[in-house]
Amino acid sequence: MLKRFTKVGHVAAIVGLCLPLQGFAAPETVRWGVVGGWDISFYPDAKGCQAFALFEHDTAFFIGFDDTDGRRSLNVTLIDQSWTNIEDGEEYPVQVQFGPNPTWTLAMDGRVMNGYPALSIHINSDSDEAEQFVREFREETEMAWTVDDIALARLTLRGSLKAFDEVLACQNADHSLKPVPAATAPEEIVPEEAVSEDTAPKDTAPVSD
């Protein structure tokens, strides 16, 4: 099940995870909009726009751009508090399949982000791999993630095409201008009805000892 929003504290903690971890207060994330359950925002520290969705069982997924140091990359991050043996700094061979397409194997970095286990990868945004990855993300209806033959998540991609269109529009906008304030403050967000059926199999297993 794809959730639009969840409780206030959890949203604030999860959404903030895509900002690079630094020793000072990060600039406030600027919400661009919500499309079909996907929340698109601009992250000033990364100088990039990303689409975020929170799924049932609190698996969070981000996809978008990181333009740190002027080297733009496609950033893909999954976060799930149940992945208890993900170690910060370790590399994991993670497989993802979009619909019936051939399976990708990604060398993803294990991270612990504000206490949450995560898997993340940066791909040169000008590469053929990034172009193909985005194409499959936009065109297919679901994605399945595994590591070491253990199912991590099977997630719906409903609305992903329009969501990534908005990521591109956000990325191409001039964010040096005064940002438009978010339509709704986090404290005022009310959970909305789910916009799609849960596609995760009941026997999906988290990474755990």
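What follows is calculated from the coordinates using simple rules that are stated; it is not laboratory data. Keep in mind the model is a prediction, meaning the values are calculated, not measured. Cβ: placed from backbone, ideal geometry, glycine included. Neighbour counts: every protein chain shown.
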For region 2-176 the mean separation of alpha carbon contacts under 8 Å (6+ apart) over residue count, i.e. relative contact order in percent, is 19
A student applying the Cα gyration tensor rule (rounded when a/c is under 1.5; otherwise prolate if a/b is larger than b/c, oblate if not) would label region 101-159 oblate
With Ala51 itself left out, Lys, Arg at +1 and Asp, Glu at -1 over residues whose Cβ is under 12 Å from its Cβ give 0
Yeah, region 30-175 with a ≥ b ≥ c from its alpha-carbon gyration tensor (a/c under 1.5 is rounded, else prolate when a/b outruns b/c, oblate otherwise) is rounded
Given 152-160, 86-94, the highest-first ranking by average Cβ count within 10 Å works out to 152-160, 86-94
